[in-house]
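Okay, so here's the structure we're looking at.
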Amino acid sequence: MSVLRVTDLTVRYAPDVRAVRGVSFVVEPGEVLGVVGESGSGKTALALAVMGLLPEDARATGSVRLRGEELLGRSDAELSRIRGGDLSMIFQDPLSALTPVHTVGDQVAEAVRIHSRTTRVAARARAVDLLDLVGVPGAARRVRAYPHELSGGMRQRVLIAMAIANDPGVIVADEPTTALDVTVQAQVLDLLRRLAAETIGAAIVLISHDLDVIAGSADRVMVMHAGRAVEQGPVGQIDRPAPRREKARVRETERSGRRTVLEVEGLVRHYPLYRGSFPRRKAETVRAVDGVGFDVREGETLALVGESGCGKTTTLLEILRLSRPQHGRITVFGHDTAALSSAQRKALRRDVQVVFQDPYSSLDPRMRVAAILAEPLTTHGVPRSRIGGRVRELLDLVGLESKHAQRFPRALSGGERQRVGIARALALEPRLLLLDEPVSALDASIQADIMGVLEQLKERLGLAYLLVAHDLALVHRIADRIAVMYAGRIVEIGSVDDVYEAPAHPYTRALLDAAPLPDLVSSTTGCGFRSRCPRYTTLPATNGRLCEERDPVPRPLRPGTDADQSVACHHPLVDAEVAR
């Protein structure tokens, strides 16, 4: 017997927007159904209709049966007893799905207690087990953390822990790996497959725009377009996109003659963690960023890559503040950010813009798209007569129509919201753009379109990009240089071709090979990567002590040449003499 049967499901938003048009499908116990389609094709509206979470201005018709019982038409109180129990959901946007004023441990424990008669202590212990199961490092400690204290990937894993807390029969997963790096992505998808096949026999409706995710995880696939299911069948029938031509990269010899637009030296951001409320006692220090240094030249794209929680986004936020860092130095267009006045800082912000990873939380839900795009123009004194035309230009630039200008963010798909965030960042024609996972929420075709737009703007305006990404294929395609981060530090940096073809640090090799994720908490002395370094385990004791006692600093692999590949490793995989 099927565990979930959807028949002729239609979803309409007021006044007359048909987001889902007569979709039907069946999911058996232990089966993974992949739902794929472009942004705006109706995937998320389908998921919300199945869960009974559509907004008030939406109406669903048709049939949704869970173990033979009809869900459509039930009251919210009735559905609340089912949601989180036999039917659960993993949301695409973890920050807005989690309550900011409660710890993640309390929220996972709450999901356990609502659907089972258990004590607070038992629910708390179950929360720790669940967080450990989904790969949250230091789960016993992380249960006391608030959502804003976790990286995007860790927040996503908390949502997965909540979804599986009560061994549901059906899990609706809406882009569950959007915010995750390749290693965590592989772990999460493997976890979902095991949940479906072995642990609880759950049926999974896996929604994704990433064909690689669907091809590697689903048993069957349903392709959606314009609200309709245009094709269903075995996953092997998916047509994979042809590889795209790589861009012409900035060569090292060209780079030396270009102006430096951003320089970071010895950047540090440590956060103290406290226990108790009174008196507060310092328990430990989180070294989010621990001595990071790099530079970005005019017309260049530098990519920061690494696993979730390694400090990539924190580095971006430290630069974006344009103020005195905790330690170290940040220089933007020749200006030391520690010495900027308020007026200078405002003027400099025109040239430095950001695209955030989470478009929903970065867009004001009370403002229409037109007002969101007009806000930076108004703030920086653009004449009112020019604002309307500029807003239309920006919408066209990122592939949105003029009708989107009057919509609120909640009326847009995840991909459309991300495009609004990109348009807002481009509004003032900046010279340096900080990109925090700018296309992670977009399907493959829109990803290519948006990155094509960004590359054209870079060439036309001489823009420089500092890109944070977990998609290594994307980085290889668009970046000129790459900096690999681990536990708050850059362990290897160099041109994309050098690092991809001959990675010198063992962690870089593991990342490129998509190794599974272990604990990311680094040691306080010596090399923080040694606990998971395959080379360290094979070294003689005398050489191994160097890893245990001394923290490696970046050193060039080819000193005296144009190549600038550096590695922070006492025993790199590529010997300097061999590389030369």
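The values are calculated or read from the model by the stated rules, or taken from the named source; none is laboratory data. Since we're looking at a predicted model, the values are computed, not measured. We place every Cβ from the backbone using ideal geometry, glycine too, and count neighbours over all the protein chains shown. Remember, those area values only see protein heavy atoms, side chains included, never the ligands or the DNA or RNA. Shrake-Rupley method; radii C 1.70, N 1.55, O 1.52, S 1.80 Å.
Here are some notes:
- Number of the condition not met by residue 123 [criteria: (1) of a type in the set (A, V, I, L, M, F, W, C); (2) outside any loop (DSSP other than H, G, I, E, B); (3) closer than 27 Å to residue 269 by Cα]: (3)
- Strands (runs of 3 or more DSSP E) fully within the range 400-510 counting 3 or more residues that are touching an Asp or Glu at 6+ places or on another chain (Cβ under 8 Å) and open to solvent by 10 Å² or more (accessible area, probe 1.4 Å): 489-495
- Of all residues in the range 58-72, at least one satisfies being open to solvent by less than 40 Å² (accessible area, probe 1.4 Å), within 30 Å of residue 407 (Cβ to Cβ) and under 30 Å from the mean Cα position of the chain (by Cα).
- Scanning the range 1-13 for residues that are in contact with a Lys or Arg (Cβ under 8 Å, 6 or more places away or on another chain), free of Cβ contacts under 8 Å to residues at least 60 places away in the same chain and open to solvent by 50 Å² or more (accessible area, probe 1.4 Å) returns 7, 12.
- Scanning the range 420-455 for residues that are in contact with a helix residue (DSSP H, G or I) (Cβ under 7 Å, 6 or more places away or on another chain), at pLDDT 85 or above and at negative phi yields a count of 11.
- Some residue of the range 318-330 being assigned to a helix (DSSP H, G or I), free of Cβ contacts under 8 Å to residues at least 24 places away in the same chain and among the hydroxyl-bearing types (Ser, Thr, Tyr): no
- Total residues in the range 336-350 satisfying the condition of being buried (at least 16 other Cβ atoms within 10 Å of the Cβ) and not basic (Lys, Arg): the figure is 3.
- Which listed residue is in contact (Cβ under 8 Å) with a residue 40 or more places away in the chain and open to solvent by 50 Å² or more (accessible area, probe 1.4 Å), from 99, 103: 99
- Unmet requirement for residue 523, which otherwise passes all of (1) more than 13 Å from residue 306 (Cα to Cα); (2) modelled with pLDDT under 80; (3) touching a strand residue (DSSP E or B) at 6+ places or on another chain (Cβ under 9 Å): (3)
- The set of residues in the range 536-556 that are open to solvent by less than 70 Å² (accessible area, probe 1.4 Å), touching a Ser or Thr at 6+ places or on another chain (Cβ under 9 Å) and not in a helix (DSSP H, G or I) contains only 551.
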